[in-house]
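Below is one structure; the comments refer to it alone.
Computed from the coordinates by the stated procedures, all read-outs in this text should not be read as laboratory data. All values reported here derive from a predicted model rather than from experimental measurement. Don't worry about glycine lacking a Cβ; one is built from the backbone with ideal geometry, like all the others, and counts go over all protein chains shown.
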Amino acid sequence: MTSVVAALCESDLINDTRLAARMAEECFTRRGFGPARVQQELSRRLLPKALWQQAMAPFMEREQLQDSALAVCRRYFKGQPPDREDHGAQRRLAGYLGRRGVTNDLIHDMIQRIREGRLYDEP
């Protein structure tokens with residue numbers, strides 16, 4: 001069994017670096033996860049910390065994280081602008097974003113955009 005795994009690694013069919021990069025891309029771009037949740041997903045797969053840090057690096061710019069959080073908010077509200085005064089909806093959105101691993105400062109920014117009626121404006 002060990003020789004089979006070694007042969008697969010040698011032929012580059014098993015590649016943890018590539019796996020980490022694909023998973024990070026999937027989590028950030030398609031699933032809309034924030035950094036904390038992506039880190040959790042990658043570490044759950046027992047990938048070394050250095051690999052998942054390297055895989056996450058291209059997605060960690062503030063502008064990219066903000067665009068991702070904004071897309072998640074828009075999907076959450078299904079294209080309908082939320083009521084600026086609906087604090088319950090804002091609280092539920094904050095919890096939803098938090099569970100997706102979005103940073104607190106970005107959650108605050110998204111709630112502020114709702115209160116100012118700018119959720120569907122360009123960033």
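Near residue 80: Cβ cut-off under 14 Å, other residues only, Lys/Arg at +1 and Asp/Glu at -1. The net charge is +2. In the chain, excluding the sites themselves, the longest stretch lacking any of the GluC sites (Glu not before Pro) that are in a DSSP loop with at most 11 other Cβ atoms within 10 Å is 1-60. Simple spin-label estimate for residue 64 and residue 16 gives 2.2 nm between the two label positions (7 Å along the Cα-to-Cβ direction from each Cα). Exposure proxy shown here: for 43, 3, the number of other Cβ atoms within 10 Å sets the order, fewest to most, as 3, 43. The distance between label points at residue 31 and residue 94 comes to 2.5 nm (points 7 Å beyond Cα on the Cα→Cβ vector).
GNM remark for the chain: springs join alpha carbons under 10 Å apart, and the peak mean-square fluctuation among 69, 89, 50 falls on 50.
Looking only at 45, 113, 22, which one moves most when the chain is put into a Gaussian network model with springs between Cα atoms under 10 Å? Greatest mean-square fluctuation among the candidates belongs to 45. A cut-off under 11 angstrom between Cβ atoms defines the neighbours of residue 70, and their net charge, with Lys, Arg +1 and Asp, Glu -1, is -1.
Taking Kirkwood radius over Cα pairs in Å as calculated from this structure, the corresponding entry among [x] 25.9; [y] 15.9; [z] 14.5 is [y]. Looking at the range 46-105, the trypsin sites (Lys or Arg not before Pro) that sit in a DSSP loop and have at most 10 other Cβ atoms within 10 Å of their own Cβ are 78. Angle of helix 35-44 to the longest C-alpha principal axis of the chain, folded into 0 to 90 degrees and rounded to 10: 30°. Each Cα pair under 8 Å and six or more residues apart adds its sequence gap; the mean of these over the residue count of the chain is a relative contact order of 28 percent. The local environment of residue 114, defined by Cβ-Cβ distances under 12 Å, has a net charge of +1 under the rule Lys, Arg +1 and Asp, Glu -1. Going by the alpha-carbon gyration tensor, a ≥ b ≥ c the square roots of its eigenvalues, is the range 62-115 rounded (a/c under 1.5) or, if a/c is not under 1.5, prolate (a/b greater than b/c) versus oblate? Prolate shape, in that a/c is at least 1.5 and a/b is the bigger ratio.
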